[in-house]
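*Asks:* Sharing a structure below in structure tokens format, with a few things to ask.
The values are calculated or read from the model by the stated rules, or taken from the named source; none is laboratory data. All figures in this text were calculated on a predicted structure; none of them were measured in a lab. For neighbour counting, all protein chains shown are included, and Cβ atoms are generated from backbone atoms with ideal geometry for every residue, glycine included.
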Amino acid sequence: MDERRIKPRWQINQGAELTVEDGVKAIHCVVEDISPAGMRISLNRNLFDEVFTDFNLVLDEDFEFNVSAHVAWRDAAYEKNIYGLSFNRIDESVKNGISEYVKKNFPGVLVKQWWKGI
């Protein structure tokens, strides 16, 4: 499959907590890949696409953010629901924070992505 994204996504497979609807109990999910433009998450629950119009994501105790996204695609595999999200509303500081988070915690994926373009 040809990559159509302008910005590459970094595969991190990081456990996270997703909170929707003004603080309803957090839902455990896995951020499979992420970029400043969007992400792919998987979770054991099936969610309506509308819940992603305003949500908070906690990647670790030092990094969490609030964004709005639309569901670009969805799939189900191995009893997981997988969502491809494209951010609609994201602060510039969060975009920078995502890049810094990946750089700090997953330096190998940045090198791998850089070499992929050569």
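*Asks:* Quick one: which of ALA69, ALA77 is hydrophobic (A, V, I, L, M, F, W, C), loosely packed, with under 15 Cβ neighbours inside 10 Å and farther than 19 Å from ASN105 by Cβ? Steps first, answer last, please.
*Replies:* Working: ALA69 fails: loosely packed, with under 15 Cβ neighbours inside 10 Å.
Testing whether each residue is hydrophobic (A, V, I, L, M, F, W, C), loosely packed, with under 15 Cβ neighbours inside 10 Å and farther than 19 Å from ASN105 by Cβ leaves just ALA77.
*Asks:* Select, from ASN13, ASN56, the only residue that is over 15 Å from SER99 (Cβ atoms), in contact with a Leu (Cβ under 8 Å, 6 or more places away or on another chain) and not hydrophobic (A, V, I, L, M, F, W, C).
*Replies:* Numbers: ASN13 fails: in contact with a Leu (Cβ under 8 Å, 6 or more places away or on another chain).
Selected residue: ASN56, the only one of ASN13, ASN56 that is over 15 Å from SER99 (Cβ atoms), in contact with a Leu (Cβ under 8 Å, 6 or more places away or on another chain) and not hydrophobic (A, V, I, L, M, F, W, C).
*Asks:* Kindly indicate whether ASP54 is more than 21 Å from VAL24 (Cβ to Cβ) and over 13 Å from the mean Cα position of the chain (by Cα).
*Replies:* Considered against the rule, which asks whether it is more than 21 Å from VAL24 (Cβ to Cβ) and over 13 Å from the mean Cα position of the chain (by Cα), ASP54 comes out as no.
*Asks:* Among the candidates ASP49, ASP62, ASP54, ASP75, single out the residue that is modelled with pLDDT of 95 or more and among the charged types (D, E, K, R). Before the answer, list the steps.
*Replies:* On the way: ASP49 fails: modelled with pLDDT of 95 or more; ASP62 fails: modelled with pLDDT of 95 or more; ASP54 fails: modelled with pLDDT of 95 or more.
The conditions single out ASP75.
*Asks:* Is it the case, given these coordinates, that VAL20 is among the aliphatic types (A, V, I, L, M), modelled with pLDDT of 95 or more and touching a Leu at 6+ places or on another chain (Cβ under 9 Å)?
*Replies:* Here the answer is no, as VAL20 does not meet what is asked.
*Asks:* Could you tell me which numbered condition ALA69 fails, if it satisfies all but one of (1) more than 22 Å from VAL102 (Cα to Cα); (2) at pLDDT 95 or above; (3) of a type in the set (Gly, Ala, Ser)?
*Replies:* The single condition ALA69 does not satisfy is (1).
*Asks:* All but one of (1) over 15 Å from LEU18 (Cα atoms); (2) out of contact with any strand residue (DSSP E or B) (no Cβ under 6 Å at 6 or more places or on another chain) hold for TYR101; state the number of the condition that does not hold.
*Replies:* (2)
*Asks:* Anything in the stretch 11-36 that is touching a residue at least 12 places away in the same chain (Cβ under 8 Å) and exposed (fewer than 15 other Cβ atoms within 10 Å of the Cβ)? List them, or say none.
*Replies:* Answer for the stretch 11-36, where residues must be touching a residue at least 12 places away in the same chain (Cβ under 8 Å) and exposed (fewer than 15 other Cβ atoms within 10 Å of the Cβ): ASN13, GLY15, GLU21, ALA26, HIS28.
*Asks:* Inspect the stretch 79-95 for any residue being in contact (Cβ under 8 Å) with a residue 60 or more places away in the chain and either aromatic (Phe, Trp, Tyr) or closer than 13 Å to GLN14 by Cα (or both) and give the result as yes or no.
*Replies:* No, there is no match, as no residue in the stretch 79-95 is in contact (Cβ under 8 Å) with a residue 60 or more places away in the chain and either aromatic (Phe, Trp, Tyr) or closer than 13 Å to GLN14 by Cα (or both).
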